[in-house]
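Data first, discussion second: the structure below is written as structure tokens.
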Amino acid sequence: MSTEPRPTQSRSHPWMALSAPGVIDEMLAEIGAPSVEALFEQIPQDHYRKTPLDLPPALSSEMELKRDLVTRLKRNETCEDNLNFLGAGVWQHHVPAIVDEVVGRTEFATNVWGSYQSDHGRNQTWFEFSSQLGALLNLDVVQLPVYSWGCASGHAIRMAAKITERKKVLVPQLSDPERLSVIRTYCQPQEMESAIEVVMVAADPTSGRLDLNDLKSKLGSDVAAVYFENPAYLGTIETGAAEIAKLARAAGAETIVGVDPISLGVMAAPGDYGADIVTGPVQPLGVHMQCGGGAGGFIASRDDETYVRSYNGFLVSIAPTLEEGQHAFGLACPHQNSYGMREYGNDWTGNSTYLWAIAGAVYMSLLGPDGFAEVGRLIVSQARYAAKLLGEVPGVRIVWPDTQFKEFVVNFDDAGKTVAEINDALRAKGIFGGKDISGEGLGVGQAALYCVTEVHTAADIQRLADTMKEVLS
């Protein structure tokens, strides 16, 4: 807000409500305020802008506005029009047409749905999502998705802190900075009474996996949980997952595992190696890559009252009815979240990503167990083929080879160019290179995180390798 005097209005702004001349003065007179500035007197003067924003002239018609927006949007380049190897939290997976057909139905896509008590069709679909995902995880309870994987992990850590009455969580040093930032936000500043201390666990430099000796040294009677991901942020597979869970349990801590659900056709379910609480993204399960949307995170656990009473969001369950052989679907334990208990609920919850639970239910029912195994095997083989071809390019080194599921770290220290320069050159040739992780403080040098999924063909991968040779020559 500028401290400059407010100019006299001569006409309404074409795209701003309540901007007609005299409206602001009428509102000030109605509430008895002498000026707009008086309404914000609690804001320190050094927080105000000293000069007005340098904005372009207002567009005078809807036709001009549309042309301006379309022109700006045309500057975007999509992963459909380019060959894409970006991942790191939102991945390019195939979405079957039937998923879009079901999600787009009016009873699901409209912004106001039926009540939780009466909308049995939607409740049944949510139940199917939770049931199918629970089967993949080998766990019994799956909450409806929250805003993101980071939010789900933050909620899970707070659940563990409530259950254990401890205030420390151990997290891998090689974590996604964005997800870690969300986790730190949920754990709150250390000055707050309910804060949870986040302690980083070192990685084994030879494998990228958790350093078990460092983990052992930091486990103690004050640790609420050990959080790790499998596959991890940098694509590594935690082969010592069962040992980590065993160490955590011996110290009285909860084991929280973050998992990409699309990997579970070829990897062990977290419930099989001792996970107490599991989180992960829902986007791989039939949700398109979207700018600012398409994300969501699930939370799952064993069917134990201690865990069920600690969830913050919505759980959908099944129950018999008065009619023999018929069943109904509805919310379970709804009073414990912020809808039922307001500020006393188990963390805050609100409108979330429930539409993606519908997409996930359709996607999982289409694939089935055999489909998940087939997709998983294809992703592993394609990703390792890509790592092999890139590793043969002069100046390129694959970090921790043969340990990845669909993502892997490519180092360019010997290439004589930065990742940013390489990605710019690739983009000029219609290829989105891997995510630049050289500035994330992970100790991997000039490196990028490359992602390969079932949408990539052998020809796509060969094109990447050939273009990389050209760019680095």
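We did not get these values from a lab; they are worked out from the coordinates using the rules stated. Quick caveat: nothing in here was measured; it's all calculated off a predicted structure. Neighbour counts are summed over all protein chains in view; Cβ atoms, including those assigned to glycine, are modelled from backbone coordinates with ideal geometry.
Odds and ends about this structure:
- Residues 187, 451, 79 arranged by fewest to most Cβ contacts within 10 Å: 79, 187, 451
- Theoretical FRET efficiency, 1/(1+(r/R0)^6), r = Cβ-Cβ of residue 402 and residue 191, R0 41 Å, to 0.05: 0.35
- Residue order for 343, 238, fewest other beta carbons within 10 angstrom first, comes to 343, 238.
- Of the peptides 356-369, 193-206, the ranking by mean beta-carbon count within 10 Å, highest at the top, reads 356-369, 193-206.
- Full extension of the chain between residue 344 and residue 324 yields a length gain of 3.3 nm, computed as 0.36 nm times the residue separation minus the alpha carbon distance.
- The convex hull built on the alpha-carbon positions of region 97-364 has an orientation-averaged projected area of 15.2 nm².
- Relative frequency of Cα-Cα separations exceeding 23 Å in region 344-454, percent: 47
- Amide proton proximity set for residue 84, modelled H, under 5 Å, gap of 5+: 432
- Mean projection area, nm², convex hull over Cα of the chain: 29.0
- Multiplying the residue separation of residue 42 and residue 80 by 0.36 nm and removing their Cα-Cα distance gives an extension gain of 8.8 nm.
- Residues in region 376-384 carry Karplus couplings, in order, of x, 5, 5, 4, 4, 5, 5, 5, 6 Hz; the curve used is 6.51 cos²θ - 1.76 cosθ + 1.60 with θ = phi - 60°, and Gly or Pro positions show x.
- Cα-Cα over 31 Å, subset of 246/406; 74/435; 388/429; 66/435: 66/435
- Highest mean first, the peptides 280-287, 138-145 sorted by other C-beta atoms within 10 Å per residue fall in the order 280-287, 138-145.
- Karplus (6.51, -1.76, 1.60) ³J(HN,Hα), θ = phi - 60°, over region 270-281, in Hz, Gly and Pro reported as x: x, x, 7, 10, x, 5, 8, 10, 10, 10, x, x
- Cβ-derived FRET efficiency at R0 35 Å, residue 242 paired with residue 202, nearest 0.05: 0.95
- The residues 165, 421, when put in order of fewest to most other Cβ atoms within 10 Å, stand as 165, 421.
- Measure of compaction for region 233-350 (Cα Rg per 2.2 N^0.38 Å): 1.29
- Karplus 3J(HN,Hα) series, Hz, for region 296-306 with 6.51 cos²θ - 1.76 cosθ + 1.60 (x for Gly, Pro): x, x, 9, 10, 9, 7, 6, 7, 10, 4, 4
- Ordering of 39-47, 148-156, 441-449, 127-135 by burial proxy (mean other Cβ atoms within 10 Å per residue, highest first): 148-156, 127-135, 441-449, 39-47
- Taking label positions 7 Å along the Cα-Cβ direction at both residue 55 and residue 470, the computed distance is 4.5 nm, reported to one decimal.
- FRET efficiency, residue 20 to residue 291 (Cβ-Cβ, R0 30 Å, nearest 0.05): 0.30
- Antiparallel DSSP beta bridges within the chain, as percent of all bridges there, nearest 5: 60
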